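In what follows, a single structure is set out as structure tokens and then discussed.
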Amino acid sequence: MKKILIFSASIGNGHNQAAKAIQESLADVGYTSMVIDTLEYISPTFHKILLEGYMNLLRISPRMWGKIYHNTEKTRFFDVNVFVNKLLANKLKKLINSVQPDAFIATHPFASCMLSVLKGRNDWKEPIYTIITDYTIHPSWINHHINYYFIAHEQLYYLVDIYRQDYSKFKPLGIPITKNFLEPLDADALRRKFALQPDQKCLILSGGGLGLGPMEKVLEGIEEIERPLKTFVLTGLNDKLYRKVAEGTYRHEVVPLRFISNFHEYLHIADLIVTKSGGLTTAEVLSKQVPMIVYNPLPGQEERNSHFLLNNSCALHANVTEQLIYFIEDLIEDQDKANHMSQMAKRIAKPDASIKIAQFIQADMAGYN
């Protein structure tokens, strides 16, 4: 049986979600795999420092993160990947030598770069596949010795041109999401499960894994909408926000949720989602064809994802709360507009990405026998 090591990183939940999704589909084609949280495995201390620094930067100064992201789009001189991998890549060798995998998959640029460094130093023959988890291609993902890159959509080929890369190595199969997003569901049964009344519209507010954004102000604005609403607020790691929402008093029904394992069920009955447009969340929402309003995306990858959605007419973008509330009410009342956004989402969604990627890897690895 073929063995594959999947290297992710807990810097943003989407990379681990993509790793889980591709692991599911690899099992379906008869491959065994193991997911490694790369930086946690190499150095828990360094991982903690890096993760806390990243989270604090996003909370305190998202503009600074945006500057770092945009500067490293132009040159890799400031790319932390290069520095980190020179120091840490060899620490993966013991694990790799003990497992002796037939191939590698990376779902985070750190992991992709580390594997590239090791393959170059050790002249490995095993293929490396990189799964890019946003609707853009940042140059930190691109490394030597990578056999194939899986990108979110054909529309991103212009970036392959900009970076002067080989088209044949980039496969637009989508961002892998778990198979439960493909399962047929009964909307009426789910509305009963989540206690939605027949006249209520279902709204999801998502602040990403960190629960960022002025959610309380948004909930105050929603109170002015006349149409009956039930709003599910995804608070992620933000315990303070969860408590405030749980303790709040609202005219409309409001339900705070931390991390949930059945996001696909909530999306199946949602009339609308307000999101920060993280890559995996975007892929999941597109798979369910839910109209999106992107609200204050973080500079960098979320901003790039937002551009992709706007260019494809399946999302609106709000910069201020008043504009957001207007868009929410407009989409709730204008079903034709909401339906059009759903149809546009269907055109670009790739809900079977994990299946297609696993099948591609299986066919490609057959050539290494």
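Key figures
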quantity	calculated
Helices (runs of 4 or more DSSP H) wholly inside segment 191-279 containing at least 2 residues that are of a type in the set (Lys, Arg)	239-247
Enumeration of residues in segment 167-182 that are exposed (fewer than 11 other Cβ atoms within 10 Å of the Cβ) and either modelled with pLDDT of 95 or more or outside the structural domain of Thr133 (by TED's automatic domain parsing) (or both)	Ser168
Residue satisfying all of: in segment 111-130; farther than 20 Å from Ile42 by Cα and under 25 Å from the mean Cα position of the chain (by Cα); surrounded by the most Cβ atoms within 10 Å (Cβ to Cβ) among these	Tyr129
Residue that is nearest to the chain's Cα centre (by Cα) [pool: residues in segment 309-326 that are in a helix (DSSP H, G or I) and crowded, with 22+ Cβ neighbours inside 10 Å]	Leu309
Residue count, segment 269-284 (criterion: touching a Lys or Arg at 6+ places or on another chain (Cβ under 8 Å) and within 14 Å of Ala349 (Cβ to Cβ))	1
Residue count, segment 3-29 (criterion: closer than 14 Å to Ile128 by Cα and either assigned to a loop (DSSP other than H, G, I, E, B) or in contact with a His (Cβ under 6 Å, 6 or more places away or on another chain) (or both))	1
Residue pairs meeting the criteria (Cβ under 6 Å; at least 6 apart or on separate chains; first within 20 Å of Phe263 (Cβ to Cβ), in segment 290-319; second of a type in the set (Phe, Trp, Tyr) and part of a loop (DSSP other than H, G, I, E, B))	Asn305/Tyr135
One residue from Leu88, Leu26, Leu39, Leu95 being farther than 30 Å from Asp161 by Cβ and either at pLDDT below 75 or outside the structural domain of Arg121 (by TED's automatic domain parsing) (or both)	Leu88
Flag if Ile273 is surrounded by 23 or more Cβ atoms within 10 Å (Cβ to Cβ), within 30 Å of Arg63 (Cβ to Cβ) and modelled with pLDDT of 95 or more	yes
Complete set of residues in segment 214-240 that are touching a Ser or Thr at 6+ places or on another chain (Cβ under 9 Å), buried (at least 18 other Cβ atoms within 10 Å of the Cβ) and modelled with pLDDT under 85	Met215, Gly236
Residue count for segment 183-206, restricted to those that are surrounded by fewer than 18 Cβ atoms within 10 Å (Cβ to Cβ) and under 29 Å from Phe150 (Cα atoms)	3
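The values are calculated or read from the model by the stated rules, or taken from the named source; none is laboratory data. Every value quoted in this text rests on a predicted model; they were computed, and no experiment measured them. So basically every Cβ, Gly included, is an ideal-geometry build from the backbone, and we count neighbours across all protein chains shown.
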